[in-house]
Ligand code: MN3
């Protein structure tokens, strides 16, 4: 049985970059619905319903075919949003220091260049999806996924992700995805991303 995690801050905490109403709808309706649909789909699968969500997403080929797509979409939605809330903070933004900052420089060049690359991945993802920074075989990698797919499904460990579904920004920014992406960098919780980087290493 999967449960909707509480936000680690108040709905209004990410203002003015991400507005309170968007956060309430995004967490309380969108994420909550992914959790409900996932639990409903797994209700009759005794051997699957308590498998940890990220583990479940690495074994989609073992999920019965009649529920596989529902589990993929809603399980992905649950995992992605659970990460997304954590990697944001009211006192985020800026640049990472420490070993993560160093590894970003080693892999992509200066931080500004990395920021442009991840922003481009987010901007150019056609339709709904996500852009990611992941660890893949011990190396940092930028990618993007459609719908609620996640790098976890490819055996990678996402440590930072941006939701570019319209529900993540439409109320405040309407069609201007680029403005939302630019705003989002101000709330990135680098402490949490560093923690996930350390754990994945
Ligand atoms: Mn979303």
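Between helix 190-200 and the chain there is an angle of about 50 degrees, using the helix long axis and the longest principal axis of the Cα atoms.
Against the longest alpha carbon principal axis of the chain, how many degrees, from 0 to 90 and to the nearest 10, is the axis of helix 65-86 turned? Taking Cα atoms only, the helix is inclined about 30 degrees.
Taking only the Cα atoms of the range 20-86, the radius of gyration and Dmax are 12.3, 39 Å. For the range 1-35 and the range 118-140, what is the centre-to-centre distance using only Cα atoms, to the nearest Å? Using only Cα atoms to place each centre, the spacing works out to 22 Å. Principal axis extents of the Cα atoms in the chain, from largest to smallest and rounded to whole angstrom, are 49, 38, 30.
Please label the shape of the range 98-200 as rounded, prolate or oblate, based on the square roots a ≥ b ≥ c of the eigenvalues of the alpha-carbon gyration tensor (a/c under 1.5 means rounded; beyond that, a/b larger than b/c means prolate, else oblate).
Here the range 98-200 falls in the prolate category.
As a length-normalised measure over Cα pairs under 8 Å and 6 or more apart, the relative contact order of the chain settles at 25 percent.
Between residue 36 and residue 106, residue separation times 0.36 nm minus the direct Cα-Cα distance comes to 21.1 nm. Against the chain, whose longest principal axis is taken from its Cα atoms, helix 111-124 shows a tilt of about 40°. The tail of the calculated P(r) for the range 33-151 beyond 20 Å holds 51 percent of all Cα-Cα pairs.
Over the chain, dividing the summed -39,500 (n - 2.57) contributions of all DSSP H runs of at least 4 residues by the number of residues returns a 222 nm mean residue ellipticity of -13500 deg cm²/dmol. The label-point distance for residue 9 and residue 128, in a model that sets each label 7 Å from Cα toward Cβ, rounds to 2.6 nm.
With the cut-off at under 18 Å, measuring from each backbone N in the range 1-39 to a point 7 Å along the Cα-to-Cβ line of residue 186 picks out 10-24.
Bear in mind that the values in this text are calculations on the coordinates, not laboratory data. Only a predicted model underlies this, so the values are computations on that prediction, with no experimental measurement involved. Glycine gets a Cβ as well: all are built from the backbone with ideal geometry, and neighbour counts include every protein chain shown.
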